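**Student:** Below is the structure I would like to discuss, written out as structure tokens.
Taken together, the values in this text are just the output of simple stated rules run on the coordinates, not laboratory data. Computed from a predicted structure; not experimentally measured. Neighbour counts run over all protein chains shown; Cβ positions are idealised from the backbone, glycine included.
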Amino acid sequence: MDSLDEKDVVALCGQVGAVLLENGAETSRVENTVEYIGRAVNLPIICHATMTAVFVNSEKSATTRIFKVRVGDFNLQKVDRINTLSREFSQHKMTFKELKESVTEVEYDTSDFNLFEKCLGAGLVSVAPMLLFKATWFDLFLSFFVGILGYLVARVVGQHSKIPYIAVAMGGLSISILAHILLDMGIASSANNIIISALMPLVPGVPMTNSLREIIEKNTISGLVRATDAIMAGISIGSGVVIGQILIKAVLGG
Amino acid sequence: MQILLGFIFGFLSSVGFGIVTNNPRRTLMPAGWIGAIAWVIYIVAGWYDHGVIMPNLLSAVVIGLLGNLAAILVRAPVNIFYVPCLVSLVPGAIIYDSMKNFTLGYDNLAAHGLIKALTVGLSLAIGFIIAEAISNKIYPPLKKYLEQKNR
């Protein structure tokens, strides 16, 4: 273990932290995992993670690295795999070189559910249990498909545009347009119920709760960053829906 | 009837969000069960308390306890169970509604909705803290037992 280069260890730890943070792990877990890896190779490491960067510092000498992070969507599979890797490494089932290779592999891995399963998942989320006894069954049935459409639009726009928040706004816009068209054609009985239900996959409820959890755990900076992000996403979804409503009124004269 | 339907749709919604967030396949089923149980707790608590705090707090405690248990049994980070189970409880629709009012210029309604969203979010977060405090005391012996059994 002595032959390890200190810089290598710090770089790898930073990489691990960045992958974890980008894919939706909490700040405390990121810091713990990185420090855990450091302890496993007998190199005391201090890690500080905020939502925008990971700082990794080795205590033996003045080696510090900063990794910039752009927090994206949840991809919990990567979090799980990194977690498994770090556990195996700290139990010495794996050499440092192997760990390095597998972390890089996980970072660029795009394994995912296929598009059909994703759509099915988004549709299932779109049938919100919150509305089970408030909306009619047929509205919920419609929102299954409207939700899939909104999710697809958000996904496609997100792949083609780097402007933040535009994806969710477009998702909200298309959901709103479709719901109002369904209402005007007399198929649906309440546009608002369909919109709320179909927005469930896009809406930033989980980040909001996570941000409050982080604030309670005294990771104030990351908590505030997440909260601002959630509110901005909420604003863009809201504006998307309102713009859709206005457009439909202008076109159909409702 | 209400409980049965709530159970089914809570399950489906948790599994669905698990797929959207790309959960590992082995964690989908446990996450679904936990989400379903939490939703039933939410419904039952809603019969006795009409506010937003108690139902959310109780279901968050349940998610926290069961999630930590599942994390030990399936060997995965706890967050993997929290995220999909939360999706049906979370104040997403309220945030959206409040921001829509904000865009339309109804500031009072917007502020009301935002405070409600914060209340729901805080009660969920406090529920998790309570559950974590409990499970940090209860589960380590269980973990040790399982490790010895596997050896």
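**Student:** Subtracting the Cα-Cα distance from 0.36 nm times the residue separation, let me have the gained length for residue A:184 to residue A:250 in nm, one decimal.
**Tutor:** 22.5 nm
**Student:** Taking the Cα centre of the range B:20-125 as the origin and placing charges on Cβ (Lys, Arg +1; Asp, Glu -1), which of B:119, B:95, B:61 is farthest toward the positive end of the dipole?
**Tutor:** The residue sitting most towards the positive pole is B:61.
**Student:** Next question. For chain B, what does -39500 (n - 2.57) per DSSP helix run (n ≥ 4), summed and divided by total residues, give at 222 nm, in deg cm²/dmol to the nearest 500?
**Tutor:** So the helix-based figure for chain B works out to -30000 deg cm²/dmol.
**Student:** Could I ask something else about it? Where the only charges are on Cβ atoms (+1 Lys, Arg; -1 Asp, Glu), what is the dipole of the range B:2-150 about its Cα centre, to the nearest 20 debye? Show your work: numbers first, answer last.
**Tutor:** On the way: 9 positive and 5 negative charges, 126 e Å.
Dipole about the Cα centre, nearest 20: 600 debye.
**Student:** Calculate I(q)/I(0) for the range B:2-150 by the Debye formula, one identical point scatterer on each C-alpha and no solvent, and give its log10 at q = 0.09 Å⁻¹ to two decimals.
**Tutor:** Listed by q, the Debye log ratios stand at -0.32.
**Student:** Continuing with this model, one more query. Considering the dipole of the range A:6-107 built from charges on the beta carbon (Lys and Arg +1, Asp and Glu -1) around the Cα centre, which of A:18, A:32, A:62 is farthest to its positive end?
**Tutor:** It is A:62, whose Cα lies furthest towards the positive end.
**Student:** Further question on the same structure: If one computes P(r) from the Cα atoms of the protein assembly as shown, what percent of pairs lie at distances over 40 Å?
**Tutor:** Values: 14274 of 81810 pairs.
The calculated P(r) of the protein assembly as shown puts 17 percent of pairs beyond 40 Å.
**Student:** Through the Karplus equation 6.51 cos²θ - 1.76 cosθ + 1.60, θ set to phi - 60°, convert the phi angles of the range A:19-33 into ³J(HN,Hα) values in whole Hz; use x for Gly and Pro.
**Tutor:** So the Karplus estimates, Gly and Pro as x, are 4, 4, 5, 4, 9, x, 7, 6, 4, 5, 5, 4, 4, 4, 4 Hz.
**Student:** Provide A:27, A:104, A:50, A:110 in ascending order of the number of other Cβ atoms located within 10 Å of each residue's Cβ, fewest first. Intermediate results must be reported in sequence, preceding the final value.
**Tutor:** Working: A:27 25, A:104 13, A:50 18, A:110 5.
By the 10 Å Cβ count, ascending: A:110, A:104, A:50, A:27.
**Student:** Can you classify the range A:6-107 as rounded, prolate or oblate using the Cα gyration tensor, where a ≥ b ≥ c are the square roots of its eigenvalues, rounded means a/c under 1.5, and otherwise it's prolate if a/b beats b/c and oblate if not?
**Tutor:** It comes out oblate by the Cα gyration axes.
**Student:** I want to verify a result. In a Gaussian network model of chain B, Cα cutoff 10 Å, which of these has the top mean-square fluctuation: B:102, B:11, B:81?
**Tutor:** B:102
**Student:** Continuing with the same structure: How far is the Cα center of the range A:134-173 from the Cα center of the range A:24-56, in Å?
**Tutor:** 35 Å
**Student:** How crowded by other chains is A:70-81, given as the mean number of beta carbons from other chains within 10 Å of each beta carbon?
**Tutor:** Neighbouring Cβ atoms belonging to other protein chains average 5 per residue here.
**Student:** Any chance you could give the angle, 0 to 90 degrees and rounded to 10, that helix A:137-160 forms with the longest Cα principal axis of chain A?
**Tutor:** Roughly 50 degrees between the two axes.
**Student:** OK, next. For the range A:187-253, evaluate the Debye formula with one uniform point scatterer on each Cα (no solvent term) and list log10 I(q)/I(0) at q = 0.18, 0.25 Å⁻¹, rounded to two decimals.
**Tutor:** One equal scatterer on each Cα of the range A:187-253 leads to -0.74, -1.03.
**Student:** Let me know the mean shielding of A:229-241 by other chains, meaning the per-residue number of their Cβ atoms within 10 Å of its Cβ.
**Tutor:** Average neighbour count from other chains, rounded to a whole number: 5.
**Student:** Sort A:137, B:39 so that the residue with the fewest other Cβ atoms within 10 Å of its own Cβ comes first and the one with the most comes last. Present the calculation step by step, with values, prior to reporting the outcome.
**Tutor:** Numbers: A:137 9, B:39 29.
Going from least to most buried by this count: A:137, B:39.
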